[in-house]
Amino acid sequence: AQTVTQSQPEMSVQEAETVTLSCTYDTSESDYYLFWYKQPPSRQMILVIRQEAYKQQNATENRFSVNFQKAAKSFSLKISDSQLGDAAMYFCALTRKLIWGLGTSLAVNP
Amino acid sequence: NAGVTQTPKFRVLKTGQSMTLLCAQDMNHEYMYWYRQDPGMGLRLIHYSVGEGTTAKGEVPDGYNVSRLKKQNFLLGLESAAPSQTSVYFCASRPTGLETQYFGPGTRLLVL
C-alpha cells in the first residue's frame with residue numbers, strides 16, 4: 001500500500017525566515033512522483049513543487065525547495081524568506097493517483 | 001482558457017435527494033479525477049477517468065457514480081445523498097505524460 005505521512009499538523013514561522021515541512025512516504029513503485037500542494041483559505045489547490053523519483057537533484061522553484069531522500073523515503077519542503085502569503089495548508093502527495101498526506105497548517109507571523 | 005471549472009460552487013441537499021456535480025476542463029486533458037476533502041483528512045480519490053468513455057473506482061467510490069461522455073466533462077452523481085457525503089469536492093485533470101494535476105476551485109456540499 002502507498003502511504004504519505006505528514007507528522008506536523010501545524011507549524012509557524014516568522015516572516016522572512018525559513019521553515020521546513022516534513023513528509024515521509026511508502027511505495028513499492030520504482031517510478032513515481034512526489035508533489036507539494038498549497039491550499040490557501042480560498043481552498044484552491046496550487047502546485048508548489050514536484051519531484052521525479054528518478055532524478056537525484058532536488059527540485060527548486062524560487063523560494064521553495066525540497067530535500068528528497070529516496071532511500072529514507074523522505075520528501076521535505078523548505079520555504080525560504082517566508083511571506084505572509086505563504087500561510088496555508090500544505091499537502092504532500094505521491095504519484096499518479098495522488099495519495100495525500102493529512103496536511104500541515106503553516107502560519108506566518110509578521 | 002478557463003482551466004478546470006466546477007459547477008455548482010455550493011449546494012445544500014436533503015438526505016435522499018440526488019444531484020450531479022459538473023467538472024469541465026478546456027485543456028484537452030485525457031485524465032480527470034474526482035476527490036473529496038473532509039476536515040482533518042487529505043484528499044481522497046472517489047473516481048477517475050483515463051479518457052472519454054472510461055471511468056474507474058478510486059479509494060472511496062461507494063455512493064457515487066461518474067460519467068465521461070465528453071472528453072472535456074466529468075460528472076459526479078449522488079443518487080441518494082447522505083449526511084456522510086457532506087464534504088468539499090474537487091475535480092482535477094492532467095494530460096497524458098505529465099503527472100501534475102490541475103485542480104478546480106471545489107464544490108462545497110452540505111447534506112442535511
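The values are calculated or read from the model by the stated rules, or taken from the named source; none is laboratory data. Given the structure is predicted, the values throughout are model-derived calculations rather than measurements. So basically every Cβ, Gly included, is an ideal-geometry build from the backbone, and we count neighbours across all protein chains shown. The accessibility values were calculated without ligands, DNA or RNA, using every heavy atom of the protein model including side chains. Shrake-Rupley method; radii C 1.70, N 1.55, O 1.52, S 1.80 Å.
Key figures for this structure:
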| item | result |
| --- | --- |
| Set A:Ala107, A:Ala72: member being more than 14 Å from every other protein chain (Cβ to nearest Cβ), part of a strand (DSSP E or B), aliphatic (A, V, I, L, M) and surrounded by fewer than 18 Cβ atoms within 10 Å (Cβ to Cβ) | A:Ala107 |
| Matching residues, the stretch B:72-89, being in contact (Cβ under 8 Å) with a residue 60 or more places away in the chain and buried (at least 18 other Cβ atoms within 10 Å of the Cβ) | B:Leu78, B:Ala81, B:Tyr89 |
| Failed criterion for A:Ala16 (all others in (1) surrounded by fewer than 16 Cβ atoms within 10 Å (Cβ to Cβ); (2) on the phi > 0 side of the Ramachandran plot; (3) of a type outside the set (Asp, Glu); (4) at pLDDT below 95 hold) | (4) |
| Residue count, the stretch B:72-100 (criterion: outside any strand (DSSP E or B) and either among the charged types (D, E, K, R) or within 14 Å of chain A (Cβ to nearest Cβ) (or both)) | 7 |
| Boolean, A:Arg43 is in a loop (DSSP other than H, G, I, E, B), closer than 24 Å to B:Met41 by Cα and open to solvent by 20 Å² or more (accessible area, probe 1.4 Å) | yes |
| Residue identified as within 12 Å of another protein chain (Cβ to nearest Cβ), under 19 Å from B:Leu45 (Cβ atoms) and not hydrophobic (A, V, I, L, M, F, W, C) among A:Tyr90, A:Tyr37 | A:Tyr37 |
| Residue in the stretch A:89-99 that is more than 28 Å from B:Lys9 (Cα to Cα) and open to solvent by 70 Å² or more (accessible area, probe 1.4 Å) present | no |
| Strands (runs of 3 or more DSSP E) within the stretch B:1-71 that include 1 or more residues free of Cβ contacts under 8 Å to residues at least 24 places away in the same chain | B:43-49, B:65-67 |
| Cβ-Cβ under 9 Å pairs, at least 6 apart or on other chains, the stretch A:59-81 side over 12 Å from A:Val48 (Cα atoms), far side among the charged types (D, E, K, R) | A:Asn67/A:Lys78; A:Phe68/A:Lys55; A:Lys73/A:Asp26; A:Ser80/A:Glu17; A:Ser80/A:Arg63; A:Asp81/A:Glu15; A:Asp81/A:Glu17; A:Asp81/A:Arg63 |
| Residues that are closer than 18 Å to A:Phe91 by Cβ and open to solvent by 90 Å² or more (accessible area, probe 1.4 Å), drawn from the stretch A:46-69 | A:Glu61 |
| Residue ID - farthest from B:Gly51 (Cα to Cα), chosen from residues in the stretch B:90-107 that are open to solvent by 50 Å² or more (accessible area, probe 1.4 Å) and of a type in the set (Ser, Thr, Tyr) | B:Tyr102 |
| Test for B:Gly58: is it open to solvent by less than 30 Å² (accessible area, probe 1.4 Å), within 11 Å of chain A (Cβ to nearest Cβ), closer than 21 Å to A:Ile99 by Cα and touching a Leu at 6+ places or on another chain (Cβ under 8 Å) | yes |
| B:Leu110 vs. criteria more than 11 Å from chain A (Cβ to nearest Cβ), part of a strand (DSSP E or B), surrounded by 20 or more Cβ atoms within 10 Å (Cβ to Cβ) and not hydroxyl-bearing (Ser, Thr, Tyr) | no |
